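Peer 1: Below is the structure I would like to discuss, written out as structure tokens.
Just so you know, all these numbers are worked out from the coordinates, no wet-lab data involved. Note that the structure is predicted; figures quoted are calculated from it, not measured.
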Amino acid sequence: MNRIKANGKEVYDMLAKHLTINENEFSPMIALNKNKNPFSILVSIILSQNTTDKNAIRAYNNLYEKTKLDINNIMNLSVDELSEIIRVAGLPKQKSRSIIELAKFIKGKGEQYLIEKDPLELKKELMEIPGIGEKTCDVFLSFFREFPVFPVDTHIKRIALRWGLSDKKSYKDISNALMDFFGKELSRNAHKLMITFGRSYCKSKKPRCHECFLKEICPSAQV
Ligand code: SF4
């Protein structure tokens, strides 16, 4: 596979020039702006698994209204009760179990733990909670801890492969390839720009290659 004909900084500058990041379309940013506590950010990321940010945000707002995202309030709910509140986000039982287990974990350690613990050790511990995987942890570390990791969702995977940045499809390979390409400094914003780009131009089924500002340098351009 050919590779995109520009370096990470040049591609970043083109993305930044042509796109506007709307923070209201990113569920972790809504949580960050509303609550500013790490538990609520993690909950918002769990809610966004396998669904659109729009539905995740609706579920998050429902949950906020009912519980104020208070750990004790959430631990007092049964899986069924919590499922009803977050149903719009999909996989309600699975997500409810994860959120309740997360609440128990944080209750035991204290919320500061999510702020102060070594990021990679924290990631290992969080991944022991059912329903919390690598991507959920990386989004948290990137958005909240500003730690240099590159979370890979479906938009980002698709674009990275179309740009020829990785010939392997595993999460780790693509995440590492993107980090090498953009570098640590740009990774956090590049992540948001790529999602915005995947939603607006480099769509899954019908990429808008004819109108795309990267068509001259993209190895997958269909023009
Ligand atoms: S030219 Fe097409 S495939 Fe390449 S980045 Fe643009 S929209 Fe995606």
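Peer 1: When the chain is modelled as a GNM with alpha-carbon springs shorter than 10 Å, which of 199, 97, 162 fluctuates the most?
Peer 2: Among 199, 97, 162, the largest GNM mean-square fluctuation belongs to 199.
Peer 1: Each residue of segment 38-53 in order: what ³J(HN,Hα) in whole Hz does its phi give by Karplus 6.51 cos²θ - 1.76 cosθ + 1.60, θ = phi - 60°, with x for Gly and Pro?
Peer 2: Here the 3J(HN,Hα) series is x, 4, 5, 5, 4, 4, 5, 6, 4, 4, 7, 5, 6, 8, 7, 4 Hz.
Peer 1: Which angle between 0 and 90 degrees, to the nearest 10, do you get for helix 134-143 versus the longest principal axis of the chain when only C-alpha atoms count?
Peer 2: So the inclination is approximately 90 degrees.
Peer 1: While we're on this one: Karplus couplings for segment 104-114 from phi (6.51 cos²θ - 1.76 cosθ + 1.60, θ = phi - 60°), rounded to Hz, Gly and Pro as x?
Peer 2: With the stated coefficients, segment 104-114 comes to 5, 4, 6, 4, x, 9, x, 5, 4, 4, 5 Hz.
Peer 1: Gap in Å between the Cα centre of segment 107-129 and the Cα centre of segment 179-220?
Peer 2: Distance between centres, Cα-based: 32 Å.
Peer 1: Here's something else I'd like to know. Label segment 1-76 by shape, choosing from rounded, prolate and oblate, from the square roots a ≥ b ≥ c of the eigenvalues of the Cα gyration tensor; if a/c is under 1.5 it is rounded, and otherwise prolate applies when a/b is larger than b/c, oblate when it is not.
Peer 2: Note, shape of segment 1-76 comes out prolate.
Peer 1: Take the chain, connect every pair of alpha-carbon atoms lying under 10 Å apart with a spring to form a Gaussian network, then pick out the residue of 78, 27, 187 with the largest mean-square fluctuation.
Peer 2: Among 78, 27, 187, the largest mean-square fluctuation in the Gaussian network model of the chain belongs to 78.
Peer 1: Per the Kirkwood formula on distinct C-alpha pairs, the Rh of segment 11-145 is how many angstrom? Mind showing how you got there, number by number?
Peer 2: Values: mean 1/r = 0.0662 Å⁻¹.
Answer for segment 11-145: a Kirkwood hydrodynamic radius of 15.1 Å.
Peer 1: Expressed as a rounded percentage, what relative contact order does the chain have, with Cα pairs under 8 Å and six or more residues apart?
Peer 2: 24 percent
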